[in-house]
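In what follows, a structure is listed as structure tokens, so that the remarks can point back to it.
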Amino acid sequence: MDNAWTEHDIPRQHGRTALVTGANTGLGFEAARMLAEHGARVVLAVRDVEKGKQAAARIARAAPGADLTVQQLDLGSLESVREASAEIRTAHPTLDLIINNAGVAYTDRQKTKDGFDLQFGVNHLGHFALTGLLLDLLLPVPGSRVVTISSYGHKIQADIHFADPQFERSYSRAASYGQSKLANLMFTYELQRRLTEQHSTTIAVAAHPGNASTELVRYLPAFARMSITVLKPLINQSAAMGALPTLRAATDPAVRGGQYYGPSRLAETRGYPKLVSSSAKSRDKAVQQRLWALSEQLTGVTFPV
């Protein structure tokens, strides 16, 4: 039944190599764990290597014999993204799957090492650069995928602020987060268009977790954290459940490029994963292409498609 897709529906992953960003905790950890349990070789790309090693040890206990690698990656530094990409290329001649999962949400005004707005820089630009630097490792692999994690937040105060993408003039946590999550979807759709034009079997897919119990809420204002605490029994779900849309997007043979998966119940806050719809704004091809050009300019990374 479509509404009851679970981790037991993940096909065998033996022979596949998956790169998961932010894999030391929350959704990324659960995605890495389930992929490893189904036989994938998993690269845990994390900012804190020690925490990554601890996560790998936990996964190894759940999946004895799992093939796990910890890769240092700071998405807030283009230098780190380039170094990590070079190391990954040396270690892995091909990749089957990139899961662009790591992110920050509703932070105070902060900048990345390259001077980008933290949420836009980490959530979108870091993943844009990483994918561009590694995409040629996926292109020769039949059925390879790029899965990028968005959020229901792409519909809330969300726009691409081309006149001030780094929020130099004024800053709003929600607008910054909304821009980054809208960018994740626009990146997915434009990447899929380019892959389709080249008749590639690699596909780009997006997913969102609904309201999952993860560390992202640590940056929320106190009143928002209190609201989540009150509503938690109704709308929250575990990180393992929140990771299922990602895993379905990453592994379900029925998935098609350019699709978007999220929870099935209570306005997409919780439940088993299903195909969902994104905002009309996210489907604007002209804005997608303008965002792509801006992202290339800011990161200095161009794609092989």
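Brief remarks follow.
- Residues that are closer than 16 Å to ALA45 by Cβ and not aliphatic (A, V, I, L, M), drawn from the stretch 125-144: GLY126, HIS127, PHE128, THR131, GLY132
- For the stretch 173-197, the candidate set comprises residues that are touching a Gly at 6+ places or on another chain (Cβ under 8 Å) and over 16 Å from ALA293 (Cα atoms); within that set, the residue that is surrounded by the most Cβ atoms within 10 Å (Cβ to Cβ) is LYS181.
- Considering residues of the stretch 72-82 that are touching a Ser or Thr at 6+ places or on another chain (Cβ under 9 Å) and assigned to a helix (DSSP H, G or I) only, the residue nearest to LYS111 (Cα to Cα): LEU78
- Within the stretch 97-118, tally of residues that are over 13 Å from the mean Cα position of the chain (by Cα) and either outside any loop (DSSP other than H, G, I, E, B) or polar (S, T, N, Q) (or both): 6
- Of the residues making up the stretch 1-29, those that are in a helix (DSSP H, G or I), under 20 Å from the mean Cα position of the chain (by Cα) and among the hydrophobic types (A, V, I, L, M, F, W, C) number 2.
- The number of residues in the stretch 143-157 being surrounded by fewer than 24 Cβ atoms within 10 Å (Cβ to Cβ) and within 18 Å of the chain's Cα centre (by Cα) comes to 5.
- Selected residue (criterion: modelled with the lowest pLDDT) from residues of the stretch 256-300 that are farther than 30 Å from GLN166 by Cα and in contact with a Pro (Cβ under 6 Å, 6 or more places away or on another chain): ARG270
- Only one of the listed residues (THR69, THR94, THR148) is part of a strand (DSSP E or B) and out of contact with any Phe, Trp or Tyr (no Cβ under 9 Å at 6 or more places or on another chain). That residue is THR69.
- Number of the condition not met by LEU247 [criteria: (1) under 17 Å from PRO11 (Cα atoms); (2) more than 17 Å from the chain's Cα centre (by Cα)]: (2)
- Of the residues making up the stretch 30-50, those that are surrounded by fewer than 24 Cβ atoms within 10 Å (Cβ to Cβ), part of a loop (DSSP other than H, G, I, E, B) and at negative phi are HIS38, ARG47, ASP48.
- Matching residues, the stretch 86-110, being surrounded by fewer than 22 Cβ atoms within 10 Å (Cβ to Cβ) and of a type outside the set (A, V, I, L, M): GLU87, ARG89, THR90, HIS92, PRO93, THR94, TYR106, THR107, ASP108, ARG109, GLN110
- Residue pairs meeting the criteria (Cβ under 9 Å; at least 6 apart or on separate chains; first of a type in the set (Asp, Glu), in the stretch 252-279; second at pLDDT below 95 and not in a loop (DSSP other than H, G, I, E, B)): GLU268/TYR152
- Of the criteria (1) over 24 Å from PHE116 (Cβ atoms); (2) outside any helix (DSSP H, G or I); (3) among the hydrophobic types (A, V, I, L, M, F, W, C), which one ALA60 fails: (2)
- Top-ranked residue in the stretch 144-184 [being basic (Lys, Arg) and in contact (Cβ under 8 Å) with a residue 12 or more places away in the chain; ranked as nearest to ALA204 (Cα to Cα)]: ARG145
The values are calculated or read from the model by the stated rules, or taken from the named source; none is laboratory data. Given the structure is predicted, the values throughout are model-derived calculations rather than measurements. In this analysis, Cβ positions are derived from the backbone assuming ideal geometry, glycine residues included, and neighbour counts consider all displayed protein chains.
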